[in-house]
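Got a structure here, written out as structure tokens. Questions coming.
The values are calculated or read from the model by the stated rules, or taken from the named source; none is laboratory data. Computed from a predicted model, the values in this text were never measured in an experiment. For neighbour counting, all protein chains shown are included, and Cβ atoms are generated from backbone atoms with ideal geometry for every residue, glycine included. Each accessible area value is taken on the protein alone, full model and side chains, heavy atoms only, with ligands, DNA and RNA left out. Shrake-Rupley method; radii C 1.70, N 1.55, O 1.52, S 1.80 Å.
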There are 2 protein chains.
Amino acid sequence: MTPRQLHRLGATAMALVLSVTAVHAEDIAEYMDFFEPLPFLPPIPADNTMTPEKIELGKMLFFEPRISASGVISCATCHNPALGWADRIPRAVGHGGQVGERNTPTVLNSGFLGAQFWDGREPDLEGQALGPIQADIEMNMTLAEAIERLKEFEIYHEHFAAAFPDDADPINQGNVALAIATFERTLNTPNSPLDRFLQGDVQAMTEPQVAGMKLFVDAGCVACHNGPALTDSNYHRFELPGSKDEGRFLVTGDEADMFAFRTPTLRNVAVTYPYFNNGSVPDLEGAVQLMGQQMLGQDFSDEELDSLVAFMHALTGEMPDLVIPALP
Amino acid sequence: MTPRQLHRLGATAMALVLSVTAVHAEDIAEYMDFFEPLPFLPPIPADNTMTPEKIELGKMLFFEPRISASGVISCATCHNPALGWADRIPRAVGHGGQVGERNTPTVLNSGFLGAQFWDGREPDLEGQALGPIQADIEMNMTLAEAIERLKEFEIYHEHFAAAFPDDADPINQGNVALAIATFERTLNTPNSPLDRFLQGDVQAMTEPQVAGMKLFVDAGCVACHNGPALTDSNYHRFELPGSKDEGRFLVTGDEADMFAFRTPTLRNVAVTYPYFNNGSVPDLEGAVQLMGQQMLGQDFSDEELDSLVAFMHALTGEMPDLVIPALP
């Protein structure tokens, strides 16, 4: 082969490589269009601006067990920072060791959800925050009692005044909700492998994860799991083996909502097991297979399952930096 | 006044100031001799060397609720980092909401104590660590079950192997105790106002605190509350109104130990209320007064109480930096 022939061969090979890469990139780009990197913060409601004082107060309240009847249960008991801000048991354990009906959803990225609780009975984090304090199987305290307890501590008077400077009597249940919700909106997990991949780091996901991303789109998972938190925040009927929970129907009374649950976020799904409304499915393989069967009417092959589960692991982001507050 | 006279007057005044300061410093030095700054670390046992791997594993285990029967109670539930590593309720609440007989002692600086538990029934942190896991009113789990749970997680196999590289089968109860105790020995609170004062920062304590320090010596409190943790780690009979707890007698069966309890550390006493073996005294004023009456046979005046309580606040050190571990 002459040097000229060699040069030609090299040029042809290079053109081939470039053309294959371009096709591959275009191919991937189509899939990437279905996803969004997680923003640093979720939407902040106009009537609950985010301030450092409110975040700090909300953090204190989130870790405050004295607003439970036993004095030992706080939001952080079930939404445990060491456990993906959930509890990793099937159903929540609360006051007096009582076991609830449902699995604890993670607080992580919950500001991106269009509704709160499995049945979406509260529209926002402000609405959610006061529920567990009052639930007799969770913290089991009236809001009036909780407010009285907080008022016993001088430091709460200071922190509520700093967080709500326009209020004459700032320690009240509305402000408890505003502060906790504000803190929760800081608990986001950016820079997951998917996020980094979407932002141009093609090495951020493994080959099986990229294959899983494609299958996630092609199989139709993305129809419900989309947007920054990978949920449509909508309700879908789902027959979970062993569950008699009527779900959204209990909120609306509408037969169409029977057994329907809000699509959960898939962000950090690998570290927020077990799965579904009663936590009865312990692992991702089982959860993905069940979703395929129930929602898409298909059984995934072992290889497909592996890819999808690999992709689920690409949704684990950076956990929030947290300095445990010193409570009074 | 001539410039020369003025100079002489100045020199005299300066000599007077120096002389007063010297007398004052000598006076204070005598009192300071009764106290020791808190070392950065307590004594490390020869048979449980401190390594970063053991500290990290111990931290994970300390926050691990899956070694409780309910799955939600960990060491950190009662030894809550947000609450001075104790719980700030009179008596501990554990499994199923059961209330124990005794107040939760803080873990802070517990490596400096000569014995563990209110009755000193364990000599060291290694001996203490496994107690609450098994107590039916605390975490309510057998050690065999706890070990089985830990073995379910691959990451614990890695961490135990890293912490105990010479062990063929490192996930065992002995190593759980060694790791938790090692982590606990890092939970110290140096640089309290007293520590800084003892190290030469004369501004570190307020005047009432210095007065309280002197009274603490003069009244005799220091007879039992001495050493780096301000405890002799010895047992003293104490009749706490309303308590029928027989204390050390339950361990030794010796009548001389009836109603005797181990002298608690006074480090961080201001942030580890309520006080005494059943937590029945809510505030420092009450606790100091009761100690004066019971141990020293004297009633402190209001002014004396104020000084002593001010000094108690000078014993609050810097809380440990803590990054919550990510559990599997």
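At a probe radius of 1.4 Å, figure out the A/B buried accessible area, summed over both chains, and give it in Å² to the nearest 100.
1800
Under 10 °C and 1.306 mPa s, how fast does segment A:52-184 diffuse according to Stokes-Einstein, given a Kirkwood radius computed over C-alpha pairs? Answer in µm²/s, whole number.
Approximately 107 µm²/s, per Stokes-Einstein.
Select from segment B:41-72 all residues whose loss of accessible area on going from the chain by itself to the full protein assembly reaches 40 Å² or more (probe 1.4 Å).
B:66, B:72
Here is a further query. Can you give the angle from 0 to 90° between the axis of helix A:154-163 and the longest principal axis of chain A, with both taken from C-alpha atoms, to the nearest 10?
50
I'd like the FRET efficiency for residue B:207 and residue B:99, computed as 1/(1 + (r/R0)^6) with the beta carbon distance as r and R0 of 60 Å, rounded to 0.05.
Calculated value: 0.90.
If I take R0 = 51 Å and measure r between the Cβ atoms of residue A:50 and residue B:143 in this structure, what FRET efficiency does the formula 1/(1 + (r/R0)^6) give, to the nearest 0.05?
0.65
Could you give, in nm with one decimal, how far residue A:142 is from each other copy of that position, shortest first, with labels 7 Å out from Cα toward Cβ?
Inter-copy label distances (nm, one decimal, shortest first): 4.5.
Can you give the accessible area of residue B:265 in Å² (nearest 10), computed on protein heavy atoms with a 1.4 Å probe?
For residue B:265, the solvent-accessible surface is approximately 20 Å².
Quick one: with all protein chains in place, what share of the accessible area of the protein assembly as shown is carbon or sulfur, to the nearest percent (1.4 Å probe)?
Of all accessible area on the protein assembly as shown, carbon and sulfur atoms account for 56 percent.
Okay, moving on. For the protein assembly as shown, what is the charge dipole size about the Cα centre, in debye to the nearest 20, if Lys and Arg each add +1 at the Cβ and Asp and Glu each add -1 at the Cβ?
That gives a dipole near 920 debye.
Name the residues of segment A:310-328 whose accessible area, probed at 1.4 Å, falls by at least 40 Å² once all protein chains are in place instead of their chain on its own?
Buried-area filter returns A:324, A:327.
Give me D for segment A:277-325 in µm² s⁻¹, whole number, from Stokes-Einstein with Rh from the Kirkwood sum over alpha-carbon pairs, 25 °C and 0.890 mPa s.
In µm²/s, the coefficient is 193.
What does the accessible area of residue B:156 come to, in Å² to the nearest 10, when a probe of 1.4 Å is used?
The value for residue B:156 is about 0 Å².
Same structure, new question: Determine the distance separating the Cα centre of segment A:194-246 from the Cα centre of segment B:39-55; give it in Å without decimals.
Spelled out, the Cα-based centre of one part sits 46 Å from the other.
For residue B:281, what residues show an amide H to amide H distance below 5 Å, using hydrogens built from the backbone and excluding near sequence neighbours?
Those lying under 5 Å, H to H, from residue B:281 are B:275.
Run through segment B:200-261 and list the GluC sites (Glu not before Pro) located in a DSSP loop whose Cβ has at most 11 other Cβ atoms within 10 Å.
Filter output for segment B:200-261: B:239.
If the viscosity is 1.567 mPa s and the temperature 4 °C, what Stokes-Einstein diffusion coefficient in µm²/s follows for segment A:129-243 when Rh is the Kirkwood radius over Cα pairs?
70
What's log10 of I(q)/I(0) for chain A at q = 0.07, 0.10, 0.16 Å⁻¹, Debye sum over Cα points only, no solvent?
The computed values of log10 I(q)/I(0) come out as -0.35, -0.64, -1.36.
Same structure again: With the crude spin-label approximation of a point 7 Å out along Cα→Cβ, what separation in nm comes out for residue B:134 versus residue B:254?
2.4
Using heavy-atom solvent-accessible surface (probe 1.4 Å) with all chains present, what is the largest-first order of B:214, B:54?
B:214, B:54
DSSP beta bridges in the protein assembly as shown, what fraction antiparallel, as a percent rounded to 5?
In the protein assembly as shown, DSSP labels about 90 percent of beta bridges as antiparallel.
Return the ratio Rg/(2.2 N^0.38 Å) for segment A:116-160, where Rg is computed over Cα atoms only.
Compared with the compact-globule rule of thumb, segment A:116-160 sits at 1.37.
Further question: Kindly report the accessible area of the protein assembly as shown per residue (heavy atoms of protein chains, probe 1.4 Å, no ligands, DNA or RNA), in Å².
45
Hey, another quick one. Taking 1 over the mean of 1/r across every pair of different Cα atoms in the protein assembly as shown, what Kirkwood radius in Å do you get?
About 28.3 Å for the protein assembly as shown.
Between residue B:321 and residue B:121, what's the calculated FRET efficiency when r is the beta-carbon distance and R0 is 22 Å? Round to 0.05.
It comes out at approximately 0.10.
Whole-Hz Karplus ³J(HN,Hα) for segment B:57-63, in order, using 6.51 cos²θ - 1.76 cosθ + 1.60 and θ = phi - 60°, x for Gly and Pro?
These are the phi-based 3J(HN,Hα) values: 4, x, 5, 4, 5, 4, 9 Hz.
Same structure again: What residues in segment A:83-107 lose 10 Å² or more of accessible surface when the other protein chains are added to their chain alone (1.4 Å probe)?
A:83, A:87, A:88, A:89, A:93, A:96, A:97
Any chance you could get the radius of gyration and Dmax over the Cα atoms of segment A:218-328, in Å?
Cα only, segment A:218-328: 15.9, 55 Å (Rg, Dmax).
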